[in-house]
Amino acid sequence: MKDIFHLHEQMKLKKTSAVELTQECLKNANESKNPVFISKLDDRALLQAQRAQERFSKNQSLSYLDGIPFTLKDLFITQDIRTTASSKILYNYIPPYDGYVSENLQKAGGVLIGKVSCDQFGMGSTNENTPFPKCFNPVNDAYVAGGSSGASAASVKENSSYYSIGTDTGGSTRLPAHFCGIVGYKPTYGRVSRYGQIAFASSLDQAAPLANSVLDMGCIIEHITSKDQRDPTQAPLGAMNLVSQLSQAKPSDLKGKKIGYSSYFIEACDSEVKKAMYEAIDTFKKLGCECVEIDLPHAKYSVSVYYLIATSEASANLARFDGIHFGHRTNQASGLEETYIKSRTEGFGDEVKRRILIGTFSLSSGYQDAYFSKACKVRRLISNDFKEAFNKCDFILNPVCASAAFKRGESKSDPFKMYMNDLFTIPASLSGLPCLSIPFSQTKEGLPIGIQLIGKSFQDEELLLSARAFEVRQ
Amino acid sequence: MAKLSVTSEQVKHVGKLAKLEIKDSEVEAFKEHLQKVLDYAQELAEVNTDGIEPLFSPVYENIDIYTKDESYQRKDEIKESLANEAILRNAPEKSQGQFKLNAVIEEE
């Protein structure tokens, strides 16, 4: 598959067209056995493609994204298009309004192929926590695509779309990118408006694109970073214009950059990931980088901190699902109280219930200081550690996960054990830092292994430029 | 933070707070899971957080970036909202342009 950047040039030269690209993606989607889509929009997509093609024929293309097929994780609100959060409670929900991400990408000419599956409300690492058919890894169907944005990664890997917008709360985009061998980029918290993104944990949630290259990220991010008045937690920095700089990035740009890494995290990985990580360090050195050991003394507490904070926020956010205004309503209740309880009990999956219970507990009277507040204090220390580390380096190199993709069904045996896998992605999330996962190596069995780069707060541009310089190395 | 042993009653109580029904057949599994998370979180007790301000959102770490441009908060202006019909489109039950629900006042 070609870069969006180059496809755009070819469309301008009439060597390919929006309709051709869309037909190809739809064909791939329809022939795939992987249940990636919750809603596929064949006719609508073709119509959008025809309009894009007309613009190109008049030399009036709107952007790099004009006429390029994409998918959205089903956590993004789309006007008049069913939006389920991959859950039963929103099984038939058809939003009357458009969220920021959907609105802006289609305004830029994007062709929406469909809404794709995920772990229910973004809670999971395997895309298996869903009442819908469970998607799998396109590289090897015995393995999961990762989660929670697993189907987003799969749709890109299977060539059913050129990019997908997922969400990343504790690693939900970086992990599937690592498992499927593509690029997953979580912008700094506050870079992309969360208006119309179904909330899981509001101090952590961030829209996060998945694509085939870092250059593509530049084409995408430009259109989802303009200031949106509807989200006060979005920083007023304006659109990130990085495409031309990214297209000129070269490996020598990395000369003199300082890359920090922590052996604590690398040593916690299995032998194949560990080997890949040390190879990555060598590669950066060969490109002229200085690689320095850094210490993040509180990062090892990240899993505890995250699973208290994210669940607490989730328990509050998911209180809106009460069976009254929208979503599933039970037909088994007589009174109002019973309507709330039964609608929620019938509508939420087990993992969602587990997390609501943890969060409600950690916020409940008598326990809040010991759990939620304590976690927020340690969160501050984790964030301070990063500030300290960034005095010594420009970027941090970290594994994405201790292993390559998990076997399907593994998560069922012990849901708690799955939480441990987030150790490598959570620290950056708690501190709101920009980070991305890019393909680097593979296991003996041929499963992809990615590496994670973490940048300084709101310095997404530097992170992407260096990642691109690394991507185009020989 | 003293080590805590979660009881079945507590799980049901938390369920009640969260408006979730925990069936007798499910209590054990939810209890076990909650216990594992709390046991694991026990590690936080060893971190000295005396005098440390809690961090509730990364926004507070970057507040200068936010406040240097007044556009980060919208003005308090009345704007057009969705039509009644659009709002009610997803209502499980509706009647005369309003959401319909079960009796709010229940018999004792």
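The values are calculated or read from the model by the stated rules, or taken from the named source; none is laboratory data. Keep in mind it's a predicted model, so treat the numbers as computed, not measured. Because the Cβ atoms are built from the backbone with ideal geometry, glycine has one as well, and the counts that use them run over all protein chains shown. To get the accessible areas, we keep the full protein, side chains included, count just its heavy atoms, and leave off ligands, DNA and RNA. Shrake-Rupley method; radii C 1.70, N 1.55, O 1.52, S 1.80 Å.
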**Request:** Treat every Asp and Glu Cβ in segment A:287-396 as -1 and every Lys and Arg Cβ as +1, leave all other atoms uncharged, and give the resulting dipole magnitude about the Cα centre to the nearest 20 debye.
**Result:** 280
**Complete:** Listed by chain and number, the aspartates and glutamates with an alpha carbon less than 15 angstrom from that of B:Lys36, same-chain partners under 8 positions apart left out, are A:Glu351, A:Asp414, B:Glu28
**Message:** List, by residue number, every residue in segment A:192-225 with a reduction of 20 Å² or greater in accessible area between the chain on its own and the complete protein assembly, 1.4 Å probe.
**Reply:** A:Ser203
**Message:** For a 28 Å ceiling on Cα separation, which of these pairs sit above it: A:Lys107/A:Lys456; A:Lys14/A:Lys107; A:Lys250/A:Lys456?
**Reply:** A:Lys107/A:Lys456
**Message:** Greater than 29 Å separation of Cα atoms is the criterion. Which listed pairs, A:Lys33/A:Lys275; A:Lys58/B:Lys79; A:Lys33/A:Lys407, meet it?
**Reply:** A:Lys33/A:Lys275; A:Lys58/B:Lys79
**Request:** Report the one residue of A:Leu318, A:Pro209, A:Ile396 whose Cα lies farthest in the direction of the positive end of the charge dipole of the protein assembly as shown (charges on C-beta: Lys and Arg +1, Asp and Glu -1; origin at the Cα centre).
**Result:** A:Pro209
**Item:** Ordering of A:357-370, A:415-428, A:210-223, B:83-96 by packing [mean C-beta count within 10 Å, highest first]
**Value:** A:210-223, A:415-428, A:357-370, B:83-96
**Prompt:** Arranged from highest to lowest average of other beta-carbon atoms within 10 Å per residue, in what order do the peptides B:26-34, A:165-173, A:74-82, A:9-17 appear?
**Reply:** A:165-173, A:74-82, B:26-34, A:9-17
**Request:** Give the residue from A:Ile89, A:Ser364, A:Phe70 lying farthest towards the positive end of the charge dipole for the protein assembly as shown; charges sit on Cβ (+1 for Lys and Arg, -1 for Asp and Glu) and the dipole is referred to the Cα centre.
**Result:** A:Phe70
**Prompt:** What are the residues whose amide H is under 5 Å from the amide H of A:Arg191, where those residues sit 5 or more places off or on another chain and H is modelled from the backbone?
**Reply:** A:Ala235
**Request:** Step through the table entries A:Lys186/A:Lys444; A:Lys134/A:Lys353; A:Lys417/B:Lys3; A:Lys15/A:Lys186; A:Lys186/A:Lys387; A:Lys274/A:Lys417, compare each Cα-Cα distance with 22 Å, and write down the pairs that go over it.
**Result:** A:Lys186/A:Lys444; A:Lys15/A:Lys186
**Over segment B:1-73, relative contact order from alpha-carbon pairs under 8 Å, at least 6 apart, %** = 30
**Prompt:** Tell me, what HN-Hα J-couplings in whole Hz come from the Karplus equation 6.51 cos²θ - 1.76 cosθ + 1.60 at θ = phi - 60° for each residue of segment B:20-28, using x for Gly and Pro?
**Reply:** 10, 8, 9, 6, 3, 5, 9, 3, 4
**Request:** Report the residue, chosen from B:Glu80, B:Glu46, B:Glu70, that carries the largest GNM mean-square fluctuation when chain B is represented by alpha-carbon nodes joined by springs under 10 Å.
**Result:** B:Glu80
**Fill in**
So, relative contact order of segment A:297-442 in percent, Cα under 8 Å, 6 or more apart, is 32
**Table column - 3J(HN,Hα) (Hz), segment A:275-284, Karplus curve with 6.51, -1.76, 1.60, x for Gly and Pro** = 4, 4, 5, 5, 5, 5, 4, 4, 4, 4
**Message:** Just checking the output field for B:85-94: average partner chain Cβ neighbours within 10 Å of each residue's Cβ?
**Reply:** 5
**Prompt:** Other chains near A:416-423: what is the mean number of their Cβ atoms within 10 Å of each residue's Cβ?
**Reply:** 2
**Prompt:** What dipole magnitude, in Debye to the nearest 20, does chain A give about its Cα centre under +1 on Lys/Arg Cβ and -1 on Asp/Glu Cβ?
**Reply:** 220
**Request:** Kindly list the residues of segment A:116-144 that lie in the label zone of A:Tyr91, defined by a backbone N under 14 Å from the point 7 Å along the Cα-to-C-beta vector.
**Result:** A:130-133
**Prompt:** Classify segment A:4-248: rounded, prolate or oblate, from the alpha-carbon gyration tensor (a ≥ b ≥ c, eigenvalue square roots; a/c under 1.5 rounded; otherwise prolate if a/b is larger than b/c)?
**Reply:** rounded
**Request:** Return the distance in nm (one decimal) between the two label points of a simple spin-label model at B:Glu9 and A:Met420, each offset 7 Å from Cα along Cα→Cβ.
**Result:** 3.4
**Fill in**
Restricting to Cα pairs under 8 Å and 6 or more apart, the percent relative contact order of segment A:203-337 works out to 18
**Request:** Quickly estimate the mean residue ellipticity at 222 nm for chain A, helices only: each DSSP H run with n ≥ 4 gives -39500 (n - 2.57), and the total goes over all residues, rounded to 500.
**Result:** -11500 deg cm²/dmol
**Asked** For the charge dipole of segment B:1-73, defined by +1 on Lys and Arg C-beta atoms and -1 on Asp and Glu C-beta atoms about the Cα centroid, which residue among B:Ser71, B:Tyr60, B:Ile22 has the Cα displaced farthest towards the positive pole?
**Response** B:Ile22
**Prompt:** Local charge sum around A:Ala370 (other residues, Cβ-Cβ under 12 Å, Lys/Arg +1, Asp/Glu -1)?
**Reply:** +2
**Item:** Accessible area buried at the B-A interface, both sides summed, 1.4 Å probe (Å², nearest 100)
**Value:** 6100
**Prompt:** Shielding of A:370-377 by partners, i.e. mean partner chain Cβ atoms within 10 Å per residue?
**Reply:** 6
**Asked** If you plug each phi of segment A:256-272 into the Karplus form 6.51 cos²θ - 1.76 cosθ + 1.60 with θ = phi - 60°, what whole-Hz ³J(HN,Hα) values come out, in order, with x for Gly and Pro?
**Response** x, 6, 9, 10, x, 8, 10, 4, 3, 6, 5, 5, 7, 9, 6, 4, 6
